[in-house]
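Working notes for the structure below.
The values are calculated or read from the model by the stated rules, or taken from the named source; none is laboratory data. What you see is a predicted model; the values in this text were computed from it and never measured. When we count neighbours, we look across all protein chains shown, and the Cβ atoms used for this are built from the backbone with ideal geometry, even at glycine.
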Amino acid sequence: MAELNENTLTPGAGGRPYGVLGRVLGHSYTPVIYRELAGLDYRRFEREPDEVEAFLRGEEWEGVNVTIPYKKVAAQIVDELTPAAERLGNVNTVTRTADGRLVGDNTDYYGFETLVRSLGLELAGKRALVLGGHGGAGSTCMTVLADLGMKAIAVTREPDGGDGITYAELPDYADTALLVNATPVGMFPHCPKAPCTLDALPALEAVIDIVYNPARTALMMEAERRGIPTVGGLLMLVAQAAGAVKRYTGEDVSMERIRQVTRTLDATEESIALIGMPGAGKTRVGAALAEMLGRTHVDADDALEERLGTSCEAYILEHGEDAFRREETAMLREVAAKSQLVISCGGGVVTRDENYPLLHQNSRIVMLDRPLEELSSAGRPITARDGVERLAAERMERYRTWADAIVASRDTPAETAQVVAAALKKLEEADAR
């Protein structure tokens, strides 16, 4: 993604920045999105509940987005609501009129509508279930789906006196065509985690999860396994930002630009996981790739040794391979959920099925393919015990199945890193088509 420095960003009137208002915003992608969409000088404004009204009435912002937990509060503070915000009962965008009045709008409607239409499915007249449908985000989803002609029903954990259903009643709605997760369940760092399984919904035509970090939630990965079209919340986030840009600047952002920024942000935020046989060069290639792309490199064996307080070799010899693999999975659960990393995985990462979703949720997986005769067993007790040929017979098919791209090793780590970067670019271009 292109770097925009302070001198290239556009402030609002009087040099005031745009920004996002929330309580905790460390995970927010929104500053990057607004800078990419319109080159706006865009900041994070973290405020406590008792500071919200003074902030909105103050003069330190030109235009501001509002996120959890202040969307309904903002609707009560502003002087005027647009029809969309009044209808939805919450605000995600605030601007000022020439005489200083605050206007609250809601561009989440457009964002979610864009997400639904991106599926390219004919869903009018069919049933949709919205997990968390009575919440702030869920109510927006319910409104959009109803406007698109779907029969939208909210799903809640416990009966809440509304017209929704509970999770226990899902089997009674087996004809559901669309499932939407509008809860935060599955969001980083509590991932992969899902609010439910898809077992009770055999007729699903699509699954939407408005969570955007990680790139693929547990619910989305289950849909993938079942061959059900699925989409995450990043496109919604960018599309609603485009709607806010229109409010801020009066400029329209094309759908082509919205999709381009979404793809670029997705490729930038997702980590890159390198897998392959022990001795394939994953550590050195990972370091070279991270330096090339300006990312942080994590060598899984180093991270595991820090966790264990001893070397991987010593731990395996003392506690056995099974105990080592359990610790490896525990380490991956923490590391692989993060963004913008290059992760050099241990050669045996593919021996446990549960490691695949840990990597797949937020990484592009690349296999480094080096000829077996070039692999060394030095310092690798499992390779020394079983032999390269046996390990290859056991693991090679898994490497290839897990990989999004397979790259043949070159003469140097730097050359191989170049080829990996090119392969990832091709994946991004394929997604664009």
Name the single residue that is nearest to the chain's Cα centre (by Cα) among those in the range 106-131 being in a loop (DSSP other than H, G, I, E, B) and of a type in the set (A, V, I, L, M).
LEU119
Among all residue pairs at least 6 apart or on different chains, which show Cβ distances below 7 Å where the first residue, located in the range 140-152, is in contact (Cβ under 8 Å) with a residue 60 or more places away in the chain and the second is assigned to a strand (DSSP E or B)?
CYS141/VAL130; CYS141/VAL180
In the range 386-422, which residues are touching a strand residue (DSSP E or B) at 6+ places or on another chain (Cβ under 8 Å) and either of a type in the set (D, E, K, R) or buried (at least 16 other Cβ atoms within 10 Å of the Cβ) (or both)?
TYR399, ARG400, TRP402, ALA403, ASP404, ALA405, VAL407, SER409, THR416, VAL419, VAL420
Looking at VAL91, VAL103, which one is outside any strand (DSSP E or B) and under 18 Å from LYS246 (Cβ atoms)?
VAL91
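Matching residues to (1) modelled with pLDDT of 95 or more; (2) loosely packed, with under 15 Cβ neighbours inside 10 Å; (3) within 28 Å of the chain's Cα centre (by Cα); (4) more than 21 Å from LEU424 (Cα to Cα):
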residue	(1), (2), (3), (4)
GLU291	yes, yes, yes, no
ASP299	yes, no, yes, no
MET331	yes, no, yes, yes
ASN362	yes, no, yes, no
ILE365	yes, no, yes, no
ARG370	no, no, no, no
Out of (1) surrounded by fewer than 20 Cβ atoms within 10 Å (Cβ to Cβ); (2) free of Cβ contacts under 8 Å to residues at least 24 places away in the same chain, the odd one out for ALA85 is which?
(1)
How many residues are closer than 30 Å to SER363 by Cα and either surrounded by fewer than 21 Cβ atoms within 10 Å (Cβ to Cβ) or not small (Gly, Ala, Ser) (or both) when one looks only at the range 146-193?
15
Scan the range 101-152 for residues that are among the charged types (D, E, K, R) and within 17 Å of LEU235 (Cα to Cα) and report the count.
3
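Residues are listed down the side, and each one gets a yes or a no for (1) crowded, with 17+ Cβ neighbours inside 10 Å; (2) in contact with a strand residue (DSSP E or B) (Cβ under 9 Å, 6 or more places away or on another chain):
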| residue | (1), (2) |
| --- | --- |
| MET220 | yes, yes |
| ALA223 | yes, yes |
| PRO229 | no, yes |
| ALA239 | yes, no |
| ALA244 | yes, yes |
| GLY250 | no, no |
| VAL253 | yes, no |
| THR262 | yes, no |
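For every residue, the table says whether it meets (1) closer than 18 Å to LEU368 by Cβ; (2) not charged (D, E, K, R).
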| site | (1), (2) |
| --- | --- |
| GLU269 | no, no |
| GLY281 | yes, yes |
| ALA303 | no, yes |
| HIS319 | no, yes |
| PHE324 | no, yes |
I want to confirm something. Restricting to the range 138-153 and keeping residues that are in contact with a strand residue (DSSP E or B) (Cβ under 9 Å, 6 or more places away or on another chain) and either among the hydroxyl-bearing types (Ser, Thr, Tyr) or assigned to a helix (DSSP H, G or I) (or both), which single residue is nearest to ALA203 (Cα to Cα)?
LEU145
State whether one or more residues within the range 411-433 are among the acidic types (Asp, Glu), under 14 Å from ILE275 (Cα atoms) and either in a loop (DSSP other than H, G, I, E, B) or at pLDDT 95 or above (or both).
no
Quick check, is ILE272 more than 24 Å from GLY63 (Cβ to Cβ) and crowded, with 17+ Cβ neighbours inside 10 Å?
yes
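For every residue, the table says whether it meets (1) over 23 Å from the mean Cα position of the chain (by Cα); (2) among the aromatic types (Phe, Trp, Tyr); (3) not in a loop (DSSP other than H, G, I, E, B).
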position: TYR34; (1), (2), (3): no, yes, yes
position: LEU37; (1), (2), (3): no, no, yes
position: ALA54; (1), (2), (3): yes, no, yes
position: TRP61; (1), (2), (3): yes, yes, no
position: GLU86; (1), (2), (3): yes, no, yes
Just checking, how many residues over the range 195-211 are farther than 20 Å from LEU237 by Cβ and either among the charged types (D, E, K, R) or in contact with a Cys (Cβ under 8 Å, 6 or more places away or on another chain) (or both)?
2
So in the range 3-32, with the set limited to residues that are at pLDDT 90 or above and over 25 Å from the mean Cα position of the chain (by Cα), which one is surrounded by the fewest Cβ atoms within 10 Å (Cβ to Cβ)?
ARG16
Which members of the range 209-233 meet the condition of being assigned to a loop (DSSP other than H, G, I, E, B) and over 13 Å from the mean Cα position of the chain (by Cα)?
ARG226, GLY227, ILE228, PRO229
If I filter the range 211-225 for residues that are within 29 Å of ALA38 (Cα to Cα) and among the basic types (Lys, Arg), do I get at least one hit?
yes
For the condition buried (at least 23 other Cβ atoms within 10 Å of the Cβ) and on the phi < 0 side of the Ramachandran plot, what is the one hit in VAL64, VAL73?
VAL64
